[in-house]
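I have placed the structure first, in the form of structure tokens, so that the comments after it can refer back to it.
The values are calculated or read from the model by the stated rules, or taken from the named source; none is laboratory data. Since we're looking at a predicted model, the values are computed, not measured. FYI the Cβ positions are ideal-geometry reconstructions off the backbone, even for glycines, and counts take in every protein chain you see.
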Amino acid sequence: MFNLTRTQQYLLLGLAAVLIILASFVYWRQLAPVSQAVVIEPPPGNELSGAGSAAVLSNETESEPTEIVVHVAGAVIKSGVYHVPEGSRVVDAITAAGGASAEADLDAINLAQPLIDGQKVWVPEVGEQSATGKGGSDSGVGVIGGDVGKININSASLAELQTLNGIGPSLAQRIIDYRTNSGPFRQVEDIKNVSGIGEKRFLQLKDYITVY
């Protein structure tokens with residue numbers, strides 16, 4: 001019916017072959033199973049793991065110990081200013097300074113006394129008086145200079161406080177109660193916060209008391 005040249009016949013055959021291949025590809029593509037995305041859910045409880053880790057890190061940061069600065073001098077291996085953890089005691093300050101020297105009289109000071117920021121710890125030599133002017137007192141931690149012989153109102157005992165002019169048993173107990181409930185005195189003027197100690201009585205005491 002159609003008079004086609006040999007070349008045209010070859011072209012038609014090639015086109016038919018291409019159409020057959022395309023049809024086969026579409027057919028098999030439709031028959032192939034459709035893959036589904038697989039969602040892996042975390043085990044129960046893991047949703048909060050990130051928040052929990054953050055909370056732990058936050059708590060660890062908040063619980064980092066703070067430091068205080070103290071000056072250690074006297075009969076120690078290396079006098080100087082040292083940073084020690086808050087809550088440290090006199091013995092820790094002496095350890096930070098390399099320990100006591102062979103001449104140190106450790107029985108003259110209270111090694112268990114808590115430290116406060118800015119405190120100066122003086123370790124006396126054997127035969128040297130402690131800061132309270134009473135050699136061998138277990139409450140004093142020595143300091144250099146004009147404080148020698150003064151009563152440290154942050155550590156003095158009930159009996160030692162009563163050696164001060166105008167301080168009886170009742171007032172001495174109120175001083176101890178105040179520092180126990182409110183923390184150590186930061187300066188000698190703070191003793192006026194104790195009930196019963198006004199400006200007049202403070203003027204009588206100020207030359208005989210110290211804080212460290």
Here are some conditions: (1) within 30 Å of Gly98 (Cβ to Cβ); (2) modelled with pLDDT under 90. Pro184 meets all but one. Which one does it not meet? (2)
For Val81, the lone unmet condition from (1) surrounded by 19 or more Cβ atoms within 10 Å (Cβ to Cβ); (2) within 27 Å of the chain's Cα centre (by Cα); (3) at pLDDT 90 or above is (1)
Can you say whether Glu41 is surrounded by 10 or more Cβ atoms within 10 Å (Cβ to Cβ), of a type in the set (D, E, K, R), farther than 26 Å from Gly183 by Cα and modelled with pLDDT under 85, as far as the supplied structure shows? no
